[in-house]
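Below is one structure; the comments refer to it alone.
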Amino acid sequence: MLPQPVLRLSCLLLAPALLLGGCRGDNEGALDIAFVDQGGNAGGGAATARDLRLTSAAAHMRAATESGLVTLNAAGEVVPALADRWIVTEDGLSFIFRLREGQWPDGTDLTAESVRRRLRAALRRLDGTPLGLDLAGVEEVRAMAGRVVELRLAAPMPYLLQMLAQPEMVLLHEGGGTGDMLLQQQGRSAVLVMRPPELRGLPEEVDWNEHVRPLLLQPMTMGQALSGFAEGTIDVVLGAGIAEWPLASTGPLSRGTVRLDPVVGLFGLQVRRSEGLLATDLGREVLALAIDRAALIEQLGIGGWTPTTRMVAPDLPGDAGLVGERWAGTTLAARQAAAALRVARWSAGNGGQRPRLRLALPAPSADLPGLDRLFAALVSQMGAAGIVLERGTPGDPSADLMLVDRVARYAAPEWFLHQFDCRVQRSGGLCVSAADALVADAMAAADPATRAQLLAQAEETLTAANVFIPFGQPIRWSQVRSNVTGYTPNAWGFHPLPPMAQINR
């Protein structure tokens with residue numbers, strides 16, 4: 001007879017028709033989840049920043065099937081994974097993790113040395129990416145006695161745990177995943193089921209499978225997902241942003257099912273080419289002066305959204321208040337008049353031609369109406385300043401501008417500033433090496449006040465160069481049926497799948 005854990009796993013890996021019923025007794029059936037990813041980084045921002053950032057669907061599946069030292073719970077909080085507890089030394093220069101008891105999927109022991117090797121490999125994979133810059137302060141990974149791993153830092157990293165919880169920081173093993181769930185691919189769809197408790201580092205439990213359900217994940221367009229939601233065949237729609245917002249179902253039958261995430265991050269235009277009007281700091285500043293940020297979002301009817309002229313999100317935890325909004329006390333009309341005058345002078349010096357700029361965006365689509373409305377508003381506002389704005393395609397090498405729509409991985413200024421570092425802008429996007437040097441000095445500073453001052457100087461340097469024209473915070477939302485448990489809006493727009501697979505007792 002097969003050992004009990006193996007018997008259970010063999011049941012879990014049966015064909016989907018059996019998996020959705022035979023292994024689970026009389027539970028409710030699978031939870032159907034649709035992922036839409038078209039709107040994020042619509043102008044090619046992820047590729048330009050060499051972020052290697054996973055799509056929403058890929059990030060959720062990796063976090064469900066693989067484990068790192070820590071992970072995120074439904075509320076976006078850092079919780080144990082392969083490490084069941086940790087301490088931080090008083091000087092903030094060492095994080096010491098105690099690993100849980102257990103084995104890798106191939107039966108070898110989960111040891112400090114095996115984790116050290118995989119953690120170093122994960123760090124190497126991120127070399128040359130913004131997240132790699134975030135983690136550059138990790139000087140050494142040490143395997144200590146038994147199941148203890150130490151990360152030694154060059155300077156304090158207050159947000160290290162949040163970085164280690166990212167799906168890109170899972171510890172990959174050749175013999176299979178170590179996450180809470182198992183995945184079986186079915187064409188473009190995937191079925192995810194919970195592992196037995198003892199394979200998740202928990203005590204054995206009788207009838208544990210009576211309290212979990214499979215998840216059926218399907219990639220869909222927004223139109224398909226919301227049609228399925230209205231018909232009752234889809235329970236959760238994840239991965240939606242401003243591009244899909246006009247399609248959100250807010251009628252009487254779906255009232256209360258639209259959930260907005262209180263995310264922070266980057267939403268605005270990044271300059272890719274320093275030519276023509278955009279060849280100088282003052283020329284690029286025209287765009288920042290001309291845009292009416294509040295009007296861009298008012299047309300979409302999103303309440304509670306606050307525009308900003310800052311590259312770093314205002315009012316972050318620990319914000320020292322050293323950088324304020326641009327042009328405080330100047331009216332929008334005065335700013336737009338200054339922009340129009342500057343464009344007129346440029347045109348007079350260039351044979352009377354109007355400056356023409358190309359913005360990289362996906363083609364007009366019924367599934368992405370938010371982008372179409374955003375583009376129309378930008379055409380109108382820039383046109384009032386004398387600029388002709390045209391629509392390009394994602395990855396278009398002739399595009400002068402691209403839309404950046406990216407959620408922060410942690411709420412600190414360095415995350416925002418690392419997105420524009422010259423070391424990660426290899427395929428486009430302007431950068432400022434002097435700002436990079438200030439950020440590097442800040443990361444090496446042990447004194448919090450010195451660190452805050454240097455980061456503020458870096459933000460001001462990038463702002464003056466006008467390489468990025470911010471609008472405000474990104475928009476992320478989901479459509480979630482009212483009886484779904486395990487879903488919580490959070491600051492990262494990330495919704496772990498294992499909690500949604502658990503049935504309330």
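The numbers here are math on the coordinates, done by the rules we state, and not lab data. All figures in this text were calculated on a predicted structure; none of them were measured in a lab. A quick note on method: Cβ atoms are made from the backbone with ideal geometry, for glycine too, and the neighbour counts reach across all protein chains shown.
In the chain, with Lys and Arg counted as +1 and Asp and Glu as -1 at Cβ, which of these residues, Q419, A122, Y487, has the Cα nearest the positive end of the dipole, that is, farthest along it?
The residue sitting most towards the positive pole is Q419.
Calculated from the structure, Cα extents along the principal axes in Å equals which of (1) 75, 55, 40; (2) 64, 56, 45; (3) 87, 55, 36?
(3)
Check which residues have an amide H placed less than 5 Å from Q186's amide H, if you skip close sequence neighbours.
V191
Got a sec? How would F420, F35, F375 order by Cβ neighbour count within 10 Å, fewest to most?
F375, F35, F420
Once phi is turned into θ = phi - 60°, what whole-Hz ³J(HN,Hα) does the Karplus curve with 6.51, -1.76 and 1.60 give for every residue of segment 464-474, x standing for Gly and Pro?
For segment 464-474, the Karplus curve yields 5, 7, 6, 7, 9, 10, x, 9, x, 7, x Hz.
So what J values fall out for segment 497-505 if you push phi through Karplus, 6.51 cos²θ - 1.76 cosθ + 1.60 with θ = phi - 60°, rounded to Hz, Gly and Pro as x?
For segment 497-505, the Karplus curve yields 7, x, x, 6, 7, 8, 9, 4, 8 Hz.
Using only Cα atoms, tell me the angle between helix 332-348 and the longest principal axis of the chain; keep it within 0 to 90° and round to the nearest 10.
60 degrees
Between the helical axis of 112-125 and the dominant principal axis of the chain, each derived from Cα atoms, what acute angle in degrees is found, rounded to the nearest 10?
Result, in degrees: 30.
Using the Cα centre as the reference, give the magnitude of the dipole from point charges on the C-beta atoms of segment 265-474 (Lys, Arg: +1; Asp, Glu: -1; all else neutral), rounded to the nearest 20 debye.
600 debye
Calculate how steeply helix 281-290 sits against the longest principal axis of the alpha-carbon atoms of the chain, using the helix alpha-carbon long axis, and give the answer as 0 to 90 degrees to the nearest 10.
Once rounded, the angle reads 80 degrees.
Please list 3J(HN,Hα) in residue order for segment 140-152, calculated via the Karplus relation 6.51 cos²θ - 1.76 cosθ + 1.60 where θ = phi - 60°; whole Hz, with x for glycine and proline.
8, 10, 10, 8, 9, 4, x, 10, 10, 10, 10, 10, 9
Determine the sum of side-chain charges near I469: Lys and Arg each +1, Asp and Glu each -1, restricted to other residues whose C-beta is under 10 angstrom from that of I469.
+1
Arrange I242, I87, I297 by Cβ neighbour counts within 10 Å, fewest through most, would you?
Sorted ascending by nearby Cβ count, the order is I87, I297, I242.
Could you tell me what percent of the DSSP beta bridges with both partners in segment 265-474 are antiparallel, to the nearest 5? List each step's numbers first, then the result.
Values: 11 of 18 bridges.
Just about 60 percent of them are antiparallel.
Give me the percent of DSSP beta bridges within the chain that run antiparallel, rounded to the nearest 5.
Beta bridges within the chain, antiparallel portion: roughly 75 percent.
First select every other residue whose beta carbon is under 13 angstrom from the beta carbon of W245; then total the charges, Lys and Arg +1, Asp and Glu -1.
Net charge in that neighbourhood comes out at -3.
So what is the 222 nm mean residue ellipticity for the chain from helices alone, if each DSSP H run of at least 4 adds -39500 (n - 2.57) and you divide by all residues, rounding to the nearest 500 deg cm²/dmol?
Calculated from helices alone, the mean residue ellipticity at 222 nm is -8500 deg cm²/dmol.
At q = 0.08, 0.18 Å⁻¹, what base-10 log of I(q)/I(0) does the Debye formula yield for segment 265-474 when every alpha carbon is treated as an equal point scatterer in vacuo?
-0.28, -1.39
What net charge do the residues around W346 carry, taking every other residue with its C-beta under 13 Å from that of W346, with Lys and Arg at +1 and Asp and Glu at -1?
Residues close to W346 contribute a combined charge of +3.
Give the order of D207, D421, D405 when sorted by the count of other beta carbons within 10 angstrom, beginning with the fewest. Please report the intermediate quantities before stating the final value.
Details: D207 7, D421 21, D405 25.
Exposure proxy ranking, most exposed first: D207, D421, D405.
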